[in-house]
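> Take this structure first; my questions come after.
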Amino acid sequence: MSQESQSVTIDDRQRARAARDSHATHTGRGFFIKLIIMMLINALGVYIILASWASKQTLILSVMVVLLIAVNVVYFSKRMLPMKYLTPGLIFLLVYQIFVVGYTGYVAFTNYGDGHNSTKADAISAILAQNQRRVEGSQALPLAVVEKGQELGFAVIDNGEVKVGSMKEPLSPAPGATVEGNRVTAVPGWDVLALGDVLSRQKEVMDLKVPVSDDPNEGSIGTQDAMTGYAYVPQMKYDEDADTMTDLQSGTVYRPNDSGNFESEDGATLATGWRVFTGFENFTTAFGDSRYAGPFFKVLLWTFAFAFFSVASTFFLGLFLAIVMNDERMKGRKIYRTLMLLPYAFPAFLTALLFKGMLNTDFGFMNQVLLGGSAIEWLNDPWLAKLSILLVNLWMGFPYMFLICTGALQAIPDDVIEAATMDGASRVRIFWSVTMPLLLVAVAPLLISSFAFNFNNFNLVYMLTGGGPRFIDTSAPVGATDILISMVYSIAGLDGGAAKNYGLASALSIVIFLIVGTISVISFKKTRTLEEIN
């Protein structure tokens, strides 16, 4: 073998060895990075599992265990390469879509809401804690108001020992607590509130009762001056064997009913209950109860009208501007197109708040400047409020339609338009018979998604009118400009204006989901006929 051939062979071996070393180094570095990422994911997963275990959330705990095992199997296996790319998307789909829809469906068939927030055991403890009387002549205990997170509690000195607890945590010894004289000044894990903080939360402090043990029948500690604690005993007594609640003063016996409440023989019920399945009761309430049925159908019609006119107005204005800006004879098109997109660049909720101020009856720019000091009730009259919402939504929505119509028009082949012109078609004929059908092929799916978006355009309604003005012929918290989603928000009690009723709100959410889903399926089937034109 020649010297030259030997040199080439040696060089090839060296390059091959260098390539293997580089690959090994790259593989080792990649595995190390993957290991660190998986350690962080596992740490987060274990934290969620422990938190779920502590709060007795068995569903979340079970799902998290399954997901954590699946993620580790997928990313530490060499045979599941496609799943490494699909797993993140599948997890987000499970957590943010499937779980949310499933849980909403579950709540829709329960009485979940104010007075029925938790389990029967929690309801029993709450009833015993809420119905208590002070024991006359009981020992006065030095007391300090403490806080952990957002939870209030009491720290008391009992026979020289400091004990601390809250409504959810019975009194227990607090080693390491600091006492000056007859007052607790520091408790590990708790913040001792100053007098000003106590006064600002006076009602919470006066209503607070801290149980002395895990047995609620043994009573609790309460205060009347935030400095001294007294023993309180329940006015109600729960009999676990008979499953009854007895009023110790009147002797009335309450038994559990099918609605998740303790009920006496005369039909009176205790305020605090628990969650139970109610079947289709929430759906029958939505469509059969006069408080909700009448407003529901009014809101349903307005929701359809709002979504339809919003899509139609923004589309035709955006299309008109796109056609004008697409004319090559127009100078400065780039500048005008940029200006057209400015309303789309501002956050929607800020735009709604800005117009709310401009449409103010007494001080708004519209009345005071443009209309010479008139007093038009833009947001307080039902029809003017609806018109205002449509106009504001037109301002916010036409840039999007202008953008997609501009792209769709530029995608139409010039030879198609030229062929129609050579056949003698007029501009109007070309627009309706050639340009518009080809345009709809591209934008029809976007129009459907825009309709679905406006069907649930909560931000605009909430920020501009709050759903008002309110209907005067019903006690339900619903107004003339409410759409279905804002009606659900009000009925759920999330705006603080009414008692929370998550079960009824979830039932209405399911109805909205079915309506939007049905419209979308029908619309997408109809748009398939447009594809035959392409």
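> State all residues of the stretch 153-183 that are under 15 Å from ASP225 (Cα atoms) and buried (at least 18 other Cβ atoms within 10 Å of the Cβ); if no residue qualifies, say none.
GLY153, PHE154, ALA155, VAL156
> Hey, can you tell me all the residues within the stretch 238-255 that are touching a residue at least 60 places away in the same chain (Cβ under 8 Å) and either among the aliphatic types (A, V, I, L, M) or open to solvent by 50 Å² or more (accessible area, probe 1.4 Å) (or both)?
MET245
> Moving on. Just one of ALA411, ALA419, ALA442, ALA452 is free of Cβ contacts under 8 Å to residues at least 40 places away in the same chain and either in contact with a helix residue (DSSP H, G or I) (Cβ under 6 Å, 6 or more places away or on another chain) or at positive phi (or both); which is it?
Numbers: ALA411 fails: either in contact with a helix residue (DSSP H, G or I) (Cβ under 6 Å, 6 or more places away or on another chain) or at positive phi (or both); ALA419 fails: either in contact with a helix residue (DSSP H, G or I) (Cβ under 6 Å, 6 or more places away or on another chain) or at positive phi (or both); ALA452 fails: free of Cβ contacts under 8 Å to residues at least 40 places away in the same chain.
Of ALA411, ALA419, ALA442, ALA452, the one residue that is free of Cβ contacts under 8 Å to residues at least 40 places away in the same chain and either in contact with a helix residue (DSSP H, G or I) (Cβ under 6 Å, 6 or more places away or on another chain) or at positive phi (or both) is ALA442.
> Ok, one more. List the pairs whose first member sits in the stretch 192-209 and is touching a residue at least 12 places away in the same chain (Cβ under 8 Å), whose second member is open to solvent by 50 Å² or more (accessible area, probe 1.4 Å), and whose Cβ atoms are under 7 Å apart, counting only residues at least 6 apart or on separate chains?
Correct list of pairs: VAL192/THR185; MET206/GLN224; LEU208/MET167; LYS209/MET167.
> Follow-up. Any chance you could count how many residues in the stretch 126-146 are touching a Lys or Arg at 6+ places or on another chain (Cβ under 9 Å) and modelled with pLDDT under 90?
Number of matching residues: 4.
> How many residues does the stretch 123-148 hold that are farther than 26 Å from ALA271 by Cβ and among the small types (Gly, Ala, Ser)?
Adding up the residues that qualify gives 4.
> What tally of residues in the stretch 272-284 results from selecting those that are surrounded by 13 or more Cβ atoms within 10 Å (Cβ to Cβ) and in contact (Cβ under 8 Å) with a residue 12 or more places away in the chain?
9
> Only residues that are at pLDDT 90 or above, polar (S, T, N, Q) and in a loop (DSSP other than H, G, I, E, B): list them for the stretch 470-500, please.
THR481
> Just need a number here: residues in the stretch 203-215 that are more than 10 Å from VAL145 (Cβ to Cβ), of a type outside the set (D, E, K, R) and outside any loop (DSSP other than H, G, I, E, B). I'd like the intermediate steps shown before the answer.
Taking the stretch 203-215 as the starting set, the residues that turn out to be more than 10 Å from VAL145 (Cβ to Cβ) are 203, 206-207, 209-215.
Among the residues that remain, those that are also of a type outside the set (D, E, K, R) are: 206, 210-213.
When the remaining residues are screened for being outside any loop (DSSP other than H, G, I, E, B), the result is 206, 210-211.
Residues meeting the conditions: 3.
> Name every residue in the stretch 471-513 that is among the aromatic types (Phe, Trp, Tyr) and over 16 Å from the mean Cα position of the chain (by Cα), in order of residue number.
Listed by number, the list holds a single entry, PHE471.
> Same structure again: Just to be sure before I move on: is PHE315 among the hydrophobic types (A, V, I, L, M, F, W, C), farther than 14 Å from MET401 by Cα, open to solvent by less than 70 Å² (accessible area, probe 1.4 Å) and at pLDDT 90 or above in the structure I sent?
No, not satisfied.
> Out of LEU460, LEU464, LEU446, LEU439, I need the residue that is open to solvent by less than 20 Å² (accessible area, probe 1.4 Å) and under 24 Å from VAL511 (Cα atoms). Which one? Break it down into steps so the answer makes sense when it comes.
Working: LEU464 fails: under 24 Å from VAL511 (Cα atoms); LEU446 fails: open to solvent by less than 20 Å² (accessible area, probe 1.4 Å); LEU439 fails: under 24 Å from VAL511 (Cα atoms).
Only one candidate qualifies: LEU460.
> What residue, among those in the stretch 58-97 that are of a type in the set (S, T, N, Q) and open to solvent by 90 Å² or more (accessible area, probe 1.4 Å), is nearest to SER118 (Cα to Cα)?
Of everything passing the filter in the stretch 58-97, THR58 is nearest to SER118 (Cα to Cα).
> So, one more: Where residues in the stretch 375-414 are more than 25 Å from PRO445 (Cα to Cα) and part of a helix (DSSP H, G or I), which of them is most open to solvent (accessible area, probe 1.4 Å)?
Out of the qualifying residues, it is TRP383.
> If you check ALA425 against the conditions, is it more than 21 Å from the chain's Cα centre (by Cα), surrounded by 15 or more Cβ atoms within 10 Å (Cβ to Cβ) and either small (Gly, Ala, Ser) or modelled with pLDDT under 90 (or both)?
yes
> Let me ask something additional. With respect to TYR112, is the statement that it is under 30 Å from THR284 (Cβ atoms), in contact with a Ser or Thr (Cβ under 9 Å, 6 or more places away or on another chain) and open to solvent by 70 Å² or more (accessible area, probe 1.4 Å) true? Break it down stepwise before answering.
On the way: under 30 Å from THR284 (Cβ atoms): yes; in contact with a Ser or Thr (Cβ under 9 Å, 6 or more places away or on another chain): yes; open to solvent by 70 Å² or more (accessible area, probe 1.4 Å): no.
Taking the combined requirement at face value, the residue does not satisfy it.
> May I ask you to verify whether ASN367 is in a helix (DSSP H, G or I) and either under 24 Å from LEU321 (Cβ atoms) or without any contact (Cβ under 8 Å) to a residue 60 or more places away in the chain (or both)?
yes
> Also, quick follow-up: Can you find a residue in the stretch 335-357 that is surrounded by 15 or more Cβ atoms within 10 Å (Cβ to Cβ) and in contact with a Gly (Cβ under 7 Å, 6 or more places away or on another chain)?
Within the stretch 335-357 (the criterion being surrounded by 15 or more Cβ atoms within 10 Å (Cβ to Cβ) and in contact with a Gly (Cβ under 7 Å, 6 or more places away or on another chain)), the answer is no, since none of the residues qualifies.
The values are calculated or read from the model by the stated rules, or taken from the named source; none is laboratory data. Just so you know, these numbers come straight off a predicted model, no measurement behind them. All Cβ positions, even for glycine, are placed from backbone atoms using ideal geometry, and neighbour counts span all protein chains on display. Heavy atoms of the whole protein, side chains included, go into the accessibility calculation; ligands, DNA and RNA do not. Shrake-Rupley method; radii C 1.70, N 1.55, O 1.52, S 1.80 Å.
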